[in-house]
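S.K.: Sending over a structure as structure tokens; questions will come in a sec.
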Amino acid sequence: MVDTTLVRKAMSELAYQDQNPMELYYPEIAEITKVNQFTELEKWYEITLPNGRDLGHQPGQFVQVSLFGVGEAPISITSSPTKKSAFELCVRNVGMLTDKLHLLDVGSNLGIRGPFGKGFNIDAFRGKDVLIVGGGIGIVPLRSLINYIIDNRQEFGRLIICYGAKSPKELLFADELKLWESDPEIEYHVTVDNIIPEWKGHVGVITTLFPNIELDLENTIAAVVGPPIMYKFVLMALKTKQLPDENIYLSLERRMKCGVGKCGHCQINQSYVCQEGPVYHYPDIKNLPEAI
Ligand SMILES: Cc1cc2nc3c(=O)[nH]c(=O)nc-3n(C[C@H](O)[C@H](O)[C@H](O)COP(=O)(O)OP(=O)(O)OC[C@H]3O[C@@H](n4cnc5c(N)ncnc54)[C@H](O)[C@@H]3O)c2cc1C
Ligand code: FES
């Protein structure tokens, strides 16, 4: 019997190599063209490829960022594909590579491979109401989808954004959040776990936002990204609201090395997250042990 997962994987590798014979393993030298310190731990970067080449990504895809002599790490692309001349990353300083990356400023070079992986299936969202559920740094890849929708507003229905962070000072993209809040075309809901005196908004985990949101169940597609603990509760809450599993897409994070389906570091059973993910259609992984 033919193992269709392996056949699909081999075909997608061949298709990728066909399109990008050199780019699979060799990083392209890119330049940091803007930097902004968002929070104590997170910095935002605008990255420009040689000659302002378009990265050509889909929302939800990632790049492998390398610093020579240090290492390489997968980082989600946070800008919309509608931004062509440069792309954006938002990086949390957690270790070796990200610590060194945080020391770099405008004009510094870094290596970029990608874009890699499967992003959100935009066609499935087109014409539908879109429910975005982002926890913590999960808002980083979701912002690419949000800005794509904002830039192509007429192609989508309602845009409902639920964003949760541990505390107000950990909210990312602060300037943009104000725009989302004031935009009559966006239903923006934000919550934090721990408050400070100045915080006048909602307090509680992200699922506490759901009871106040009415969904057109047949016409709503959800995009969910957040820390592993969040998925269990968000999926339960969406089930309670009776949103069909077929209407849910989510992104998984696993340790990665090659990013292109060769090393097996990211493997969950037969699925290579770097190739078949990081964004999955929920029905495809809901029965995969250890996926969620
Ligand atoms: C598809 C994908 C997209 C990602 N997008 C982003 C992004 O947009 N922004 C961002 O800041 N980070 C993102 N990450 C996580 C990022 O890749 C890691 O934080 C990074 O690899 C850490 O590298 P380091 O050398 O700085 O840390 P290390 O020195 O390697 O490790 C520091 C600590 O973090 C732990 N750690 C490292 N990587 C991971 C991981 N993937 N999962 C769990 N624990 C880990 C280590 O065990 C160690 O405790 C993404 C990861 C994946 C797989
Ligand atoms: S990271 Fe090497 S196979 Fe996925």
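S.K.: Kindly establish whether residue 219 is more than 16 Å from ligand 1 (Cβ to nearest atom) and at pLDDT below 95. Spell out how you get there, then give the answer.
M.R.: Details: more than 16 Å from ligand 1 (Cβ to nearest atom): yes; at pLDDT below 95: no.
The answer is no for residue 219.
S.K.: Does any residue of the stretch 249-260 turn out to be within 16 Å of ligand 1 (Cβ to nearest atom) and at positive phi?
M.R.: yes
S.K.: Related question: I'd like to verify a number: residues in the stretch 240-292 that are of a type in the set (Val, Ile, Thr) and within 17 Å of residue 115 (Cα to Cα), how many?
M.R.: Qualifying residue count for the region: 3.
S.K.: Then there is this: Test residue 215 against the criterion of being more than 16 Å from ligand 2 (Cβ to nearest atom) and outside any loop (DSSP other than H, G, I, E, B), and give yes or no.
M.R.: On the way: more than 16 Å from ligand 2 (Cβ to nearest atom): yes; outside any loop (DSSP other than H, G, I, E, B): no.
When the stated conditions are applied, residue 215 does not pass them.
S.K.: Which of the residues that make up the stretch 145-167 are surrounded by 16 or more Cβ atoms within 10 Å (Cβ to Cβ) and either among the hydroxyl-bearing types (Ser, Thr, Tyr) or in a helix (DSSP H, G or I) (or both)?
M.R.: Matches in the stretch 145-167: 145, 146, 147, 148, 149, 150, 163.
S.K.: Identify, from the list 95, 107, the residue that is more than 17 Å from the chain's Cα centre (by Cα), outside the structural domain of residue 278 (by TED's automatic domain parsing) and either within 11 Å of ligand 1 (Cβ to nearest atom) or modelled with pLDDT under 95 (or both).
M.R.: Details: 107 fails: either within 11 Å of ligand 1 (Cβ to nearest atom) or modelled with pLDDT under 95 (or both).
The conditions single out 95.
S.K.: Another question, if that's okay. From the list 262, 239, exactly one residue is free of Cβ contacts under 8 Å to residues at least 12 places away in the same chain, surrounded by 12 or more Cβ atoms within 10 Å (Cβ to Cβ) and under 15 Å from residue 131 (Cα atoms). Which is it?
M.R.: Answer to the check: 239.
S.K.: Right, next: In the stretch 261-281, what count of residues is obtained for those that are among the hydrophobic types (A, V, I, L, M, F, W, C), within 9 Å of ligand 2 (Cβ to nearest atom) and modelled with pLDDT of 95 or more? I'd like the intermediate steps shown before the answer.
M.R.: Of the residues in the stretch 261-281, the ones among the hydrophobic types (A, V, I, L, M, F, W, C) are 263, 266, 268, 273-274, 279.
Those still in the list that are within 9 Å of ligand 2 (Cβ to nearest atom) too: 263, 266, 273-274.
Still in the list and also modelled with pLDDT of 95 or more: 266, 273-274.
The qualifying residues number 3.
S.K.: Quick one: in the stretch 88-110, of everything that is out of contact with any helix residue (DSSP H, G or I) (no Cβ under 7 Å at 6 or more places or on another chain) and polar (S, T, N, Q), which residue is surrounded by the most Cβ atoms within 10 Å (Cβ to Cβ)?
M.R.: 98
S.K.: With the requirement that a residue be in a strand (DSSP E or B) and within 19 Å of the chain's Cα centre (by Cα), what does the stretch 37-59 give you?
M.R.: Selection gives 42, 43, 44, 45, 46, 47.
S.K.: Can you confirm whether residue 82 is more than 16 Å from ligand 1 (Cβ to nearest atom), in a loop (DSSP other than H, G, I, E, B) and at pLDDT 95 or above? Walk me through how you get there before you give the answer.
M.R.: Values: more than 16 Å from ligand 1 (Cβ to nearest atom): yes; in a loop (DSSP other than H, G, I, E, B): yes; at pLDDT 95 or above: yes.
Yes, satisfied.
S.K.: Tell me, which residue of the stretch 247-259 that is within 6 Å of ligand 2 (Cβ to nearest atom), surrounded by 18 or more Cβ atoms within 10 Å (Cβ to Cβ) and of a type outside the set (A, V, I, L, M) is farthest from the chain's Cα centre (by Cα)?
M.R.: 258
S.K.: How about the stretch 62-79: which of its residues are among the small types (Gly, Ala, Ser), more than 8 Å from ligand 1 (Cβ to nearest atom) and either under 12 Å from the mean Cα position of the chain (by Cα) or assigned to a loop (DSSP other than H, G, I, E, B) (or both)?
M.R.: 69, 79
The values are calculated or read from the model by the stated rules, or taken from the named source; none is laboratory data. Small disclaimer: the values here were computed from a predicted structure and weren't measured. Note that we place each Cβ from the backbone using ideal geometry, even for glycine, and neighbour counts take in every protein chain shown.
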